[in-house]
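Have a look at the structure below before the remarks.
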Amino acid sequence: MKPPVLVDTKDRFLKACRREPVDRTPIWLMRQAGRYMAEYRALRAKHSMLEVCKTPELAVEVTYQPLHLGMDAAILFADILLPLEPMGAPFDFAKGEGPVIFEPIKDRAGVEKLRVIDAGELGYILETLRILRRELAGKVALIGFAGAPFTLASYLIEGGKSSHFVKTKKVMYGEPETWHLLMQKLSEVVRRLLRAQIDAGAQAVQLFDSWVGQLGPEDYREYVLPHVQHILKDLEETGVPVIHFGTGTSTILPLQKEAGGTVIGIDFRLPMGQARKLLGDDVALQGNLDPTTLFAPPAVFEARAQSVLDQMKGAPGHVFNLGHGILPETPVDNVKRLIDFVHEKSAR
Ligand code: CP3
């Protein structure tokens, strides 16, 4: 698979992460490689999700699929759950249901059995990154990623998606020592994996704490913050930008900032201007168009995108993105239109 023909994005994504001046606001979209694209669905008709992730040639091909739409960064094609398999908790993606962990963790013994693996056990991820970095150099930036310990712990304990996270919180409140042991193991694996991704060529990494908005500030501080800090303080030494992302996080954003990150991800529920007031201007922000606006007429999502740009104007350090991942039925034409709109309206 040859890389697509791309224009040099002038490192505007990496510059914005570092709060340096840019010629235009950079944009990329979470889940930009996925089911809204016909090319992706065609490839998935032939290969399972895990097969795509574990075959560098296929993962590279999927990473490239959206880039002709003009994003300023490519994100490694993989999944946050991949480390769980070598740790001792195999899973699969069930059609229509999302991820299913075959034997969810029930007790202390289950946590004790989990292996704190080295990143080399996920060599296929590192190989995919090495190929991407070689082929994308000088064109678009390359983002690596991992799941944050709370979000991973919730999958391990719930066994899949959840609405109230009752099992997770039962361990957290009822067996705090077991909880912290689990979080320690996960955060060390994630720290090693992100370090290895950076060594393999990732120019920025994103930590996905997608479900951490289930917690208020007191619980976040006690049960999550030290573990996220273990990862992010270590990564600071590398000088590589880290995007710290979650959803439903309006009340815990200042604590997420305290835990670390060069860029804080803002979901679509909090206006960017308010996020800026809450977090100050010594950190970059990423966000935050509501992904469902891409189903609206272009005039509607363009007005909303303009509002995001207006709220950030003048402040360095804005990476345009959706407030959460792009949805599977999203019209591709609207994605292209959004990317062009953001580039055009933000030209300095
Ligand atoms: O962003 C990208 O383009 C890179 C690839 C990527 C995937 N998953 C591919 C994927 C990334 C960054 C992820 C992260 C991820 N995975 C998260 C955090 C991001 C978020 O949205 O909050 C989470 C919670 C997961 C776990 C996961 N993987 C779920 C819940 C699902 C099922 C989703 C669904 O709608 O069915 C997956 C599967 C998955 N990971 C798909 C993709 C493209 C869909 C797979 C398919 O059916 O082809």
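The values are calculated or read from the model by the stated rules, or taken from the named source; none is laboratory data. Owing to the predicted nature of the structure, the values given are computational and were not obtained by experimental measurement. Heads up, the Cβs are rebuilt from the backbone with ideal geometry, glycines too, and the neighbour counts pull from every protein chain shown. Accessible surface is based on the protein model in full, side chains and every heavy atom, while ligands, DNA and RNA are left aside. Shrake-Rupley method; radii C 1.70, N 1.55, O 1.52, S 1.80 Å.
Measure nothing fancy, just the Cα-based angle from helix 332-345's long axis to the longest principal axis of the chain, in degrees from 0 to 90, nearest 10.
It is inclined by approximately 60 degrees.
How much of the DSSP beta bridge set in the stretch 12-345 is antiparallel, as a percent to the nearest 5?
Given both bridge residues lie in the stretch 12-345, the antiparallel proportion sits at roughly 15 percent.
Straight-line reach only, C-alpha to C-alpha below 19 angstrom: list the aspartates and glutamates that Lys2 could link to, leaving out same-chain residues fewer than 8 apart.
Excluding near neighbours in sequence, the set is Glu39, Glu57, Glu61, Asp72, Glu127, Glu135.
With every protein chain kept in place and ligands, DNA and RNA left out, what is the accessible area per residue of the stretch 12-345? Probe 1.4 Å, answer in Å².
On a per-residue basis, the stretch 12-345 sits at 40 Å².
Specify the inter-centroid distance of the stretch 18-95 and the stretch 182-243, based on alpha-carbon positions, in whole Å.
The two parts, judged by their Cα centres, are 20 Å apart.
Using a Förster radius of 30 Å, what is the FRET efficiency between Arg35 and Ala347 based on their Cβ-Cβ separation? Nearest 0.05, please.
On the way: r = 32 Å, r/R0 = 1.06.
Here the calculated transfer efficiency is 0.40.
Quick check: the angle from helix 176-200's long axis to the longest principal axis of the chain, C-alpha only, nearest 10 degrees?
Taking Cα atoms only, the helix is inclined about 40 degrees.
Thr55 to Phe102: FRET efficiency via 1/(1 + (r/R0)^6), r the Cβ-Cβ distance, R0 25 Å, to the nearest 0.05? Before the final figure, lay out each step's value.
On the way: r = 22 Å, r/R0 = 0.87.
My answer for the efficiency is 0.70.
What dipole magnitude, in Debye to the nearest 20, does the stretch 1-127 give about its Cα centre under +1 on Lys/Arg Cβ and -1 on Asp/Glu Cβ?
420
Got a sec? Charge dipole of the stretch 66-167, +1 on Cβ for Lys and Arg, -1 for Asp and Glu; which of Leu81, Pro149, Phe91 is way out at the positive end?
Farthest along the dipole direction, towards plus: Pro149.
Just in the stretch 206-292: which GluC sites (Glu not before Pro) are loop by DSSP and have at most 11 other Cβ atoms within 10 Å?
Sites meeting the loop and neighbour criteria: Glu237.
Any idea which of Ala303, Gly273, Thr292 is furthest toward the positive side of the dipole for the stretch 258-324, if Lys and Arg beta-carbons carry +1 and Asp and Glu beta-carbons -1?
Ala303
Could you grab the relative contact order for the chain? Cα pairs under 8 Å, six or more apart, rounded to a whole percent.
22
Estimate the FRET efficiency between Gln229 and Glu127 by the formula 1/(1 + (r/R0)^6), using the beta-carbon distance for r and 41 Å for R0, to the nearest 0.05. Before the final figure, lay out each step's value.
Working: r = 30 Å, r/R0 = 0.73.
After rounding to 0.05, the efficiency reads 0.85.
Just check the stretch 179-223 against the gyration tensor rule for me: Cα atoms, a ≥ b ≥ c as the square roots of the eigenvalues, rounded for a/c under 1.5, and otherwise prolate or oblate depending on whether a/b exceeds b/c.
Cα axes put the stretch 179-223 in the oblate bin.
First compute the accessible area of the chain with a 1.4 Å probe, then give the percent of it belonging to carbon and sulfur atoms.
Carbon and sulfur: 51 percent of the exposed surface of the chain.
Give a quick list of trypsin sites (Lys or Arg not before Pro) in the stretch 41-114 that DSSP marks as loop, anything other than H, G, I, E or B, with at most 16 other Cβ atoms within 10 Å.
When the trypsin sites (Lys or Arg not before Pro) of the stretch 41-114 are filtered for loop state and at most 16 Cβ neighbours within 10 Å, Lys95, Lys106 remain.
Springs between alpha-carbon atoms under 10 Å, Gaussian network over the chain: tell me which of His324, His230, His164 tops the mean-square fluctuations.
In the Gaussian network model the winner is His164.
Angle check, please: helix 298-312 long axis (alpha carbons) against the longest principal axis of the chain (alpha carbons), in degrees 0 to 90, nearest 10.
The two axes meet at around 80 degrees.
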